[in-house]
Amino acid sequence: MAAAPGEVHAHAAIVGERIIMNTSYNDRVADLTRGEVNLYIIGWSRNSGRNQVFNFVPQGGNTDKISLTAADGKVFYVASPNPGPGSHLKATVGGVGSVYTVVTHAPGQVKFSILLSNGTAPLYWTLNSDNEGTKVCPSSPPFSILSSDGTAPLYWTLNSDNEGTKITLELDNGTANQIWGVVEPDDN
């Protein structure tokens, strides 16, 4: 069953090698710049090179550690060591900050998130009205606000169709530039 716009559901972890395609810009996939460590994960035209094949290793629940293997066999992790709005995804040697929550947006579409660097759980809220007035109540996504300690999930975001645009972490913006298709490397 497809989710309503902006709605997300828990998803079983993804396992194995996948290409990550942005749904807002159909010709853009996640790509490690020049396949080198300490460089950015960017949006690029699909070429099925090793720098576009990501390995998903389940970490429990709906979380995955995400890595790439370079042509020379070195393993790099997609990392956000100190995540905050506007942070860029990079390839690092260690796995710190490389575990992401994977949530299903619709069949074949997911969102990748990580919490702000303080690492606490996100809070979601909605307004409910009844005979006693309007109340703020806990809810499910997409109604998110920052709690008093500043926590909220940050989502992988591709903000432009331009080749080389860095993938950033942003608060939920309700648009397709935060939704990704995940396919096996030999799928078209």
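The values are calculated or read from the model by the stated rules, or taken from the named source; none is laboratory data. A quick note: this is a predicted structure, and the numbers were derived from the prediction, not measured. Heads up, the Cβs are rebuilt from the backbone with ideal geometry, glycines too, and the neighbour counts pull from every protein chain shown. What goes into the accessible areas is simple: the full protein's heavy atoms, side chains included, and nothing from ligands, DNA or RNA. Shrake-Rupley method; radii C 1.70, N 1.55, O 1.52, S 1.80 Å.
Checking each residue of the range 4-16 against the condition of being modelled with pLDDT of 85 or more, farther than 16 Å from Lys111 by Cα and in contact with a Ser or Thr (Cβ under 9 Å, 6 or more places away or on another chain) gives no match.
Only a single item in (1) outside any loop (DSSP other than H, G, I, E, B); (2) at pLDDT 50 or above; (3) open to solvent by 80 Å² or more (accessible area, probe 1.4 Å) is not met by Leu127, and it is number (2). Output yes when any residue across the range 80-94 is within 17 Å of Gly181 (Cα to Cα), part of a loop (DSSP other than H, G, I, E, B) and open to solvent by 60 Å² or more (accessible area, probe 1.4 Å), and no when none is. The answer is no, given that none of the residues of the range 80-94 is within 17 Å of Gly181 (Cα to Cα), part of a loop (DSSP other than H, G, I, E, B) and open to solvent by 60 Å² or more (accessible area, probe 1.4 Å).
Applying the condition of being over 14 Å from Val183 (Cβ atoms) and touching a residue at least 60 places away in the same chain (Cβ under 8 Å) to the range 28-61 and asking which residue is surrounded by the fewest Cβ atoms within 10 Å (Cβ to Cβ) yields Ser45. Across the range 63-73, the qualifying residues are those that are open to solvent by less than 40 Å² (accessible area, probe 1.4 Å) and either not β-branched (Val, Ile, Thr) or not in a strand (DSSP E or B) (or both), and the one among them that is modelled with the lowest pLDDT is Ala70.
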